[in-house]
Structures are given as C-alpha cells and as structure tokens.
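Participant: Quick one: the structure is below, and I'll ask about it shortly.
The values are calculated or read from the model by the stated rules, or taken from the named source; none is laboratory data. Note that this is a predicted model, so its numbers are computed, not measured. Positions of Cβ are generated from backbone atoms using ideal geometry, with glycine treated the same way; all protein chains shown enter the neighbour counts. Surface areas here come from the heavy atoms of the whole protein model, side chains and all, with no ligands, DNA or RNA. Shrake-Rupley method; radii C 1.70, N 1.55, O 1.52, S 1.80 Å.
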Amino acid sequence: MGKLVQPIVDGEQDFVIGSRMRGKREPGSMNSQQIFAGTLAGWLLSFLYGIRYTDMCPFRAIRREALDRLMMREETYGWNLEMQMKAARAGLRILEVPVNHRRRAGGVSKVSGTVRGTFVAGTRIIATLLRIAFETKTN
C-alpha cells in the first residue's frame, strides 16, 4: 500500500510525512533554498514542540479524524508547515519516512525556481510559522 499510508491503515500512526532529506535525492532535485528552509523549520519545530522533522515535504498522509482536529486554515504556501506544527502540538503519533526525489521532468518551478516565487512563498511560510507558534492552543 505504500510507506506513507500503511502505518495509518495499520493503526500505528496518525500522521506520516515523507522526507526528501532522508531519502535518495537526485543531484539538482532540491535547491539550496529548499534545503535551508527544511532544515531551519525542522530546528524551529524541534525547539517549539520537541519533534524532529527534516523536511516540509508535500508527500504526506494523515488520518481523517486527526486532520479534522487540526482545524487547518492556511490555503497557500504555508499549509504544509501549518499541518506539521499543529500535528506536533496536538500530540499526534507522527512518523517521518524517507522518500526518494528526482529532478523536475520539465520546466522551472514557479516557487523555488524564481527569486520572486521564493520570496512570496518564504514570506507566507514565515507568517504561518509565527501565526501558529503564537496562537493559543484551541484544538
């Protein structure tokens, strides 16, 4: 069934996230901004919640009732960070698994492939981090 979904189906985990940093990465598949952002976010979340993430990878699976409890709000670039922060704060059973990552087959990313995209996404991610870190725990 897959290493992301199987631990949830088996009842072992509530939230499973893929880590490109722990998996095999094809050279050039992640740029320095992505690696830096993932490392920094991982360190900050470890400090805030005592959980160690190595990536803000979009490859993830979550138990439906756990997702409902998180009361997600973010609809732009910060959604993945919001989910990781709220999952840690809610005490979900979290597993990070290695996922392999290859270079894009074609084109340049609108987010990580341009200075403007990196700035816009970075700004939104930082705003999400601050909003979640300083909001009172209601869920």
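Participant: Can you say what percent of the DSSP beta bridges in segment 1-118, counting only those with both residues inside, are antiparallel? Round to 5. Each step should come with its number before you reach the end.
Facilitator: On the way: 3 of 9 bridges.
Beta bridges within segment 1-118, antiparallel portion: roughly 35 percent.
Participant: Calculated FRET efficiency, Glu65 and Lys3, Cβ-Cβ r, R0 25 Å, to nearest 0.05? Could the numbers behind the result be given before it?
Facilitator: Numbers: r = 21 Å, r/R0 = 0.86.
Calculated value: 0.70.
Participant: Relative contact order, percent, of the chain when contacts are C-alpha pairs under 8 Å separated by at least 6 residues? Show your work: numbers first, answer last.
Facilitator: Details: 190 pairs, mean separation 47.6, N = 139.
It comes to 34 percent, rounded to a whole number.
Participant: Would you pull out the residues with amide H under 5 Å of Val97's amide H, same chain only if 5 or more places away, H placed 1.01 Å from N?
Facilitator: Amide H neighbours of Val97, under 5 Å, 5+ apart: Ile17, Gly18, Ser19.
Participant: Please sort through the DSSP H helices of the chain and keep those with an alpha-carbon extent of at least 20 Å along the long axis and a Kyte-Doolittle average not below -1.0.
Facilitator: Length and hydropathy pass: 32-49, 115-134.
Participant: Apply the Karplus curve 6.51 cos²θ - 1.76 cosθ + 1.60, θ = phi - 60°, to the phi angles in segment 67-77 and return the couplings in whole Hz, x for Gly and Pro.
Facilitator: Per residue, the Karplus-derived 3J(HN,Hα) values read 4, 4, 5, 6, 6, 4, 10, 5, 10, 10, 5 Hz.
Participant: Turning to a different aspect of this structure: Relative to the present Cα-Cα distance, how much length would full extension add between Glu135 and Arg104 at 0.36 nm per residue of separation?
Facilitator: Between Glu135 and Arg104, full extension yields 7.5 nm more.
Participant: In Å and whole numbers, how far do the C-alpha atoms of the chain stretch along each principal axis, longest first?
Facilitator: 38, 36, 25
Participant: Express in nm, to one decimal, how much length is gained between Thr76 and Val115 on full extension, taking 0.36 nm for each residue of separation and deducting their alpha carbon distance.
Facilitator: 12.3 nm
Participant: I'd like the accessible area for Arg25: 1.4 Å probe, protein heavy atoms, all chains in place, Å² to the nearest 10.
Facilitator: My reading of the accessible area for Arg25 is about 100 Å².
Participant: Let me ask something else. Suppose every Lys and Arg Cβ carries +1 and every Asp and Glu Cβ carries -1, with no other charges. What dipole size does the chain come out with about its Cα centre, to the nearest 20 debye?
Facilitator: Details: 22 positive and 12 negative charges, 78 e Å.
Taking the Cα centre of the chain as origin, the dipole is about 380 debye.
Participant: Next question. Leaving ligands and nucleic acids out of the surface, order Lys86, Lys24 by accessible area at 1.4 Å, largest first. Intermediate values should be presented prior to the final figure.
Facilitator: Numbers: Lys86 10, Lys24 155 Å².
Heavy-atom accessible area, descending, gives Lys24, Lys86.
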